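What follows is a set of notes on a single structure, which appears directly below.
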Amino acid sequence: MLKGFIKKADIILFIILISLGIASSVWLSTTSHSGDKVTVTVDGKKYGVYSLSEDKTIAVKRGNKLNVIRIKHGYVTMSEASCENQVCVKHKAISKTGESIICLPNKVVVSISGKEANKYDSVSS
């Protein structure tokens, strides 16, 4: 019944796609760096910048909207939010440059940034 359903080209395509997926996962995991700053923005405006190395709880309250952000052991989570869907609260902890947690209903964005990379390898005089 299934004889001849899967062709040799299908198997080759499957192997190529799996290999590309694994290669891109390895590349992404080796190029991302641990961040050192947590930036919180509310409605597009900077609310605050905090050190990722210092444990802290930040409550962002605007009217009847509340988001509680926790920095602990170098990781950031959104521990509480007054929004209905709670997607931001269920989001995994973040710690690498470029990662973010977004509470769309409350317009709160928590993002990780890293140290500025040196533009020069060395300086000669």
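For region 1-100, a crude dipole built from +1 on the beta carbon of Lys and Arg and -1 on the beta carbon of Asp and Glu, taken about the Cα centre, is about 160 debye to the nearest 20.
Across region 11-91, the fraction of Cα-Cα pairs farther apart than 20 Å, rounded to a whole number, is 52%.
Ile112: net charge of surrounding residues, Cβ under 9 Å, Lys/Arg +1, Asp/Glu -1, itself excluded? Intermediate values should be presented prior to the final figure.
Details: positive: Lys37, Lys96; negative: Asp36, Glu99.
Computed value for this residue: 0.
Go through 60-67, 75-82, 43-50 and give me the packing order, highest mean Cβ count within 10 Å leading. Working shown, then result.
Details: 60-67: 14.8, 75-82: 19.1, 43-50: 11.5.
In decreasing order of mean packing, 60-67, 75-82, 43-50 become 75-82, 60-67, 43-50.
Computed extension gain for Lys107 through Asn85, at 0.36 nm per residue and net of the alpha carbon distance, reaches 6.6 nm.
Each reported figure results from applying straightforward, stated rules to the coordinates on display, with no laboratory input. Owing to the predicted nature of the structure, the values given are computational and were not obtained by experimental measurement. No Cβ is skipped: glycine too gets one built from the backbone with ideal geometry, and neighbour counts run over all protein chains shown.
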